[in-house]
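S.K.: Supplied in structure tokens, the structure appears directly below.
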Amino acid sequence: MEEIKTAVPPPVARPPHEWELQTLALMVAAGCAALLGMLLLVNDLAVRSYLLTDGVNELSPLVGWILDNGEVISGLYLVLGLAYVAGYVLWRRRTVAMMDSIGESDRHVVWHWSVGAWYVALAASFMVRFANDPAGPGSAGTPGATSVSSSVADVRVDDLATWLAWDAVQIGVRLIGLTFLLIAVWQIRHQVRERVAASGVVFRIRDMASRRSAMPLPPAARPLPPVPQPAGLPAADEDFWRRVAALATGQRADIAVLETIDVLAHRWLLVPDSGDVSAVRAAIAPGAVVTAFPDPPAATETKGFTPRPADAYHGFLQDADSGALRYQSIKPNRLGAFLAQARRARRWALYPADGPGALIAVAPPSP
């Protein structure tokens, strides 16, 4: 009988949704520009063939449509060209900032040889444009905006055919450059995803593992704490819980309580602003270390936030949709990544691991 596999693979850290959407938008802009470029290239070659054969090679309905809408297509082609160039610059800056937030200093992550090839193709296309007569046919010298009747009246057929040939070369070079750009964005996206996954920095709250730090456990499933217990900590007796309740009622806010079973097992619980600690006390595992922090979690802006210096922090995040509580152990070099997640959370808090002002006790063992 085939063995049933019950193990759930660990979640993989992924880049933020915003970065993925920016990447997709950049690729769509480059793809649309390539599509319009192909239409203009077909137009140039078809019109040139028509002129050189004295109309023997008739213009197809597609070319006729391109000629009728040449100014609109050329305008869109120009706008998209500016969009993908500016978009790449902004996208690369956003990517570098994201890599800095996870402590990744290798700039090769945001580079690929196809980026250099795109730069060369882009420069070559401008050189071809300057080599071609800017006073060529069409309004303001825009490619694809030619009208056969007016062009033949204004310039010689040979000159017009030469202009169209150079214009086709320029568009062809840009299409090659767009191909390199799409390859570059695709490869850099793959490299960035790998580095984010390897770093383990979770930018999306939903990607966090559902574990003891986030999900309540029934009493029978709670693991026993390691021994020996931390020395010098008082017991979580009635007096301790009265002080925890006073924190909540005094501030009229929910108080975050951290349950620590071992080095890796942490779970957040909330004492309501009413000060009722009965549900939290019942959920605490016997022998666990209980830490109540005086500063309540809040939905404050993270911009400009500077935490008190510490070697490590306890991160509190509450999911904006489900309300689930998530724990993160934060090192100083991961603060930027945590604050990026906090901006999308319902409530958040960051507590120094040394716990200044926190109430700390050990839950009594089960009788």
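A short reminder: the numbers here are calculations on the coordinates, not readings from a lab. Note that the coordinates shown come from a computational prediction; the quantities given were computed from them, not determined experimentally. Because the Cβ atoms are built from the backbone with ideal geometry, glycine has one as well, and the counts that use them run over all protein chains shown.
S.K.: Can you list the HN-Hα couplings for the stretch 327-336, worked out from phi with the Karplus curve (6.51, -1.76, 1.60; θ = phi - 60°), rounded to whole Hz and with x for Gly and Pro?
M.R.: 10, 9, 8, 10, 8, x, 7, 10, 4, x
S.K.: For Val96, what charge total do you get from the other residues with a beta carbon under 13 Å from its beta carbon, if Lys and Arg give +1 and Asp and Glu give -1?
M.R.: Charge balance near Val96 sits at +2.
S.K.: Exactly which trypsin sites (Lys or Arg not before Pro) in the stretch 269-343 are in a DSSP loop and have at most 16 other Cβ atoms within 10 Å?
M.R.: Lys303, Arg343
S.K.: Could you give the length gained on full extension between Trp186 and Asp354, defined as 0.36 nm per residue of separation minus the Cα-Cα distance, in nm?
M.R.: Full extension of this stretch gives 56.1 nm more.
S.K.: A further question on this structure: Sort Val128, Val173, Val89 so the one with the fewest other Cβ atoms within 10 Å of its own Cβ comes first.
M.R.: Lowest count first: Val89, Val128, Val173.
S.K.: Local charge sum around Val109 (other residues, Cβ-Cβ under 12 Å, Lys/Arg +1, Asp/Glu -1)?
M.R.: The answer is +1.
S.K.: Here's something else I'd like to know. Report the local net charge at Tyr119: Lys and Arg +1, Asp and Glu -1, summed over other residues whose C-beta lies under 15 Å from its C-beta.
M.R.: Here the count lands on +2.
S.K.: What list of ³J(HN,Hα) values in whole Hz, one per residue of the stretch 245-252 in order, does the Karplus curve 6.51 cos²θ - 1.76 cosθ + 1.60 (θ = phi - 60°) give from phi, with Gly and Pro shown as x?
M.R.: The phi angles translate into 4, 5, 4, 5, 6, x, 9, 6 Hz.
S.K.: Something else about it: At a Förster radius of 45 Å, what calculated FRET efficiency corresponds to the Cβ-Cβ distance of Lys303 and Leu76, to the nearest 0.05?
M.R.: Taking R0 as 45 Å, the efficiency between Lys303 and Leu76 is 0.75.
S.K.: What per residue convex hull volume, in Å³, comes out for the stretch 17-201 when only alpha-carbon positions are used?
M.R.: 111
S.K.: Working from the alpha-carbon coordinates of the stretch 255-367, get Rg over Rh, Rh being the Kirkwood radius.
M.R.: Reported Rg/Rh (Cα atoms, Kirkwood Rh): 0.96.
S.K.: As a footprinting exposure proxy, order Tyr119, Tyr77, Tyr50, Tyr84 by other Cβ within 10 Å, with the fewest listed first.
M.R.: So the residues, fewest neighbours to most, are Tyr119, Tyr50, Tyr77, Tyr84.
S.K.: Another question, if that's okay. Which order do Ile183, Ile73 fall in if you start with the one that has the fewest other Cβ atoms within 10 Å?
M.R.: Ile183, Ile73
S.K.: When the chain is fully extended, how far beyond the present Cα-Cα distance does Arg193 get from Arg93, taking 0.36 nm per residue of separation?
M.R.: 34.4 nm
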